[in-house]
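The values are calculated or read from the model by the stated rules, or taken from the named source; none is laboratory data. What you see is a predicted model; the values in this text were computed from it and never measured. No Cβ is skipped: glycine too gets one built from the backbone with ideal geometry, and neighbour counts run over all protein chains shown. Quick note on the areas: whole protein, heavy atoms, side chains included, nothing else; ligands and nucleic acids left out. Shrake-Rupley method; radii C 1.70, N 1.55, O 1.52, S 1.80 Å.
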Amino acid sequence: MAMQTDVQSLAARHDPAAVDQLRRQVRELWAAGNLSAAYAVAWDAFAQHGDDRKIKWVLTELLRWAPAGLEAERRAAYLKLLIDPEVEPDMINSAGWRLALEGQSETVADAALPAFAAHCESDELALELLRQAPVGLAAAERLLTHVRRWLLLSGRWQEFPALVLALKTQAGLNGGAWTFSEEERAQFADPENAGMAAAYLPPRPEPDAAPIPGADPVTRAVTAQYEGYPYPVWTRFTRREPQRLTDMVHKMDPVLAARLPVAANILVAGCGTGRQAAAVAAAFPDAIVTAIDVSQASLNYAKRACARLGIGGIRFERLDLHDVAALGQRFDCIYCSGVLHHLPDPERGWKHLVDVLAPDGVMSIMVYNLIARLRVRGGRGVIADLMGKPIDDDLLRRVRARILERTDHPLAQHTARSRDFPTLAGAYDLLLHRHEDPFDLPRIARALDALGLRLLHFELLTPAAEARYAAAVPDDPERRDIKKWMRYEREHPGLDLGNYVFWCGRTADEVVAKGPACTRTQ
């Protein structure tokens, strides 16, 4: 009761300091492992400050990483958050589906399907979840696939117009990812079922660009993959309060931040469908943002998505990362997320980026974690006989169905919980990518040294993960001692293992002291 009164008194003040204090309180409770209290504060803060981005951000993160904490009495508030144009629904829909299906068995007898369909037809939460994002809960997908089959084969689909329309929207979002039988496929040709067929197979764009001339075989294969299946699939992202790059970097390195311009020149290298480029442009409105990718289909997706969200000013260019010097620019900040490990030689690709980094510049890097990827490789064991086959929509549906079927296989179920699994393009990227070369920490350390870069900050997924690291390694508060990170990873196997996300950089003085990176990597 005291906590609720404190939240209400803070919220009543309606000032930024009150919001910051509430956000810190949520994070502190989360870091301490008190998720129930963290949720209580976050939801009460959302009730009072529903338009504040800091509150929406921390609540969205809670729902993403602790989805089981969503309680039934929060249904209306959750629905408000789900449809908020500044919130990414993909990150929170797993929590929503847990709530929407609470008390519902994952398997429904055929005789009970009409009642369940009628329930979905009138349940605004279930309908909105279908309309907003690819279904991110395996149990929900299995159940809804069963319902969709009944709707089609029974011929009663016209009795449930809201549900069928939501299923059509869902198919467009997931790319037609849900499995179906040959019996169902045979019904698509019946003109009477034309209105239901789109709930299975949405229109798919054709690849619209040839490989970049002179590209190596790996780059050609990766380009072809993303031309056919632009990735990642997204509709919007969770907005953060706009800031200056200098202010953000100041938290990691005040000296380097002081040398960065406010109107920073930022490169997003390997932007894919533009989600990160859009988030960067929105976060740093004073910056000049350039985004490059090898896939024209992905760039077209990016341009459409940014236009729909009203995000302008991004220069999108079709360009191989290895040819980045052709832009003729130096960049104060370079983002490269999920790209290096798909290159034929990741360190060589990284070097090309360093070559266009300003003397006083920073980089945000995400690469696959070799240890964490072992879980995905273990999950691939159940689809070993499907790997190496020509890839099309049907094969990807078979791959996904095999993973979903193996409820007895922990690694397969871990794979099914990935944020990439719900869509065809995501499943392709996750499970059948043409090339991947993950990193471990010693490899990152060697690359940083060879490239003349200094580690500034490692990111962790949650406040609880940050608290665990701080307790284990109290003498590395900035999280930038890579030797201590190596020890922590050895001593805490299985904890906090995700992709490696980190910031690195250099000052002009360090470039002079260490010599040009290009002479250190040849």
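With the simple model of a label 7 Å out from the Cα in the direction of the Cβ, Met486 to Asp408 spans 4.2 nm. Compared with the dominant principal axis of the Cα atoms in the chain, helix 53-65 is inclined by about 70°. Rounded to the nearest 10 degrees, the inclination of helix 482-491 to the longest alpha-carbon principal axis of the chain is 40 degrees. Within the range 374-393, what residues put their amide N at less than 20 Å from the label point 7 Å along the Cα-to-Cβ vector of Arg220? Once the point is set 7 Å along Cα→Cβ of Arg220, 388-392 turn out to lie under 20 Å by backbone N, inside the range 374-393. Across the range 301-400, C-alpha contacts under 8 Å between residues 6 or more apart give a mean separation that, scaled by the residue count, equals a relative contact order of 25 percent. Among the listed values [x] -0.30, -0.70, -1.26, -1.47; [y] -0.48, -0.84, -1.17, -1.29; [z] -0.26, -0.61, -1.14, -1.37, the one matching log10 I(q)/I(0) by the Debye sum over Cα atoms at q = 0.06, 0.09, 0.12, 0.13 Å⁻¹ as calculated from this structure is [x].
Extension gain for Gln158 to Ile83 (0.36 nm times residue separation, less C-alpha to C-alpha distance): 24.4 nm. Highest-first packing order for the peptide set 503-509, 274-280, 458-464 is 274-280, 503-509, 458-464, based on the mean count of other beta carbon atoms within 10 Å. Here the accessible area is traced with a 1.4 Å probe on the protein chains. For the chain, carbon and sulfur cover 53 percent of it. Counting 0.36 nm for each residue step from Asp394 to Gln21 and taking away their Cα separation leaves a gain of 129.2 nm. Excluding ligands, DNA and RNA, the accessible surface per residue across the chain is 42 Å² with a 1.4 Å probe.
Does the range 256-304 classify as rounded, prolate or oblate by the C-alpha gyration tensor (a ≥ b ≥ c root eigenvalues; a/c under 1.5 gives rounded; else a/b over b/c gives prolate, otherwise oblate)? Since a/c reaches 1.5 and a/b is larger than b/c, the shape of the range 256-304 is classed as prolate. Seen against the Cα atoms of the chain and their longest principal axis, helix 161-174 is set at about 30 degrees. On full extension, the segment bounded by Ser36 and Leu386 gains 121.7 nm, given 0.36 nm per residue less the C-alpha separation. Contact order for the chain, expressed relative to its length and based on alpha carbon pairs under 8 Å spaced 6+ residues apart, stands at 13 percent.
If both residues of a DSSP beta bridge must be in the chain, then about 35% of such bridges are antiparallel. By definition, a body whose alpha carbon gyration tensor gives a ≥ b ≥ c is oblate when a/c is 1.5 or more and a/b is not larger than b/c, and the range 19-97 fits this oblate description. A protection proxy built from the mean count of other Cβ atoms within 10 Å ranks the segments 250-263, 19-32, most packed first, as 19-32, 250-263. Each label was represented as a point 7 Å from its Cα along the Cα-to-Cβ direction; for Arg443 and Arg419 these points are 2.2 nm apart. Using a ≥ b ≥ c from the Cα gyration tensor of the range 172-251 (square roots of the eigenvalues), is it rounded, prolate or oblate, where a/c under 1.5 gives rounded and otherwise the larger of a/b and b/c decides, a/b for prolate? Judged from the Cα gyration tensor, the range 172-251 comes out oblate (a/c at least 1.5, b/c at or above a/b).
Computed from label points 7 Å out along Cα-Cβ, the spacing between Ala68 and Ser181 is 3.4 nm. As a calculated quantity, the FRET efficiency between Asp247 and Glu459 at R0 = 22 Å, using C-beta atoms, amounts to about 0.80.
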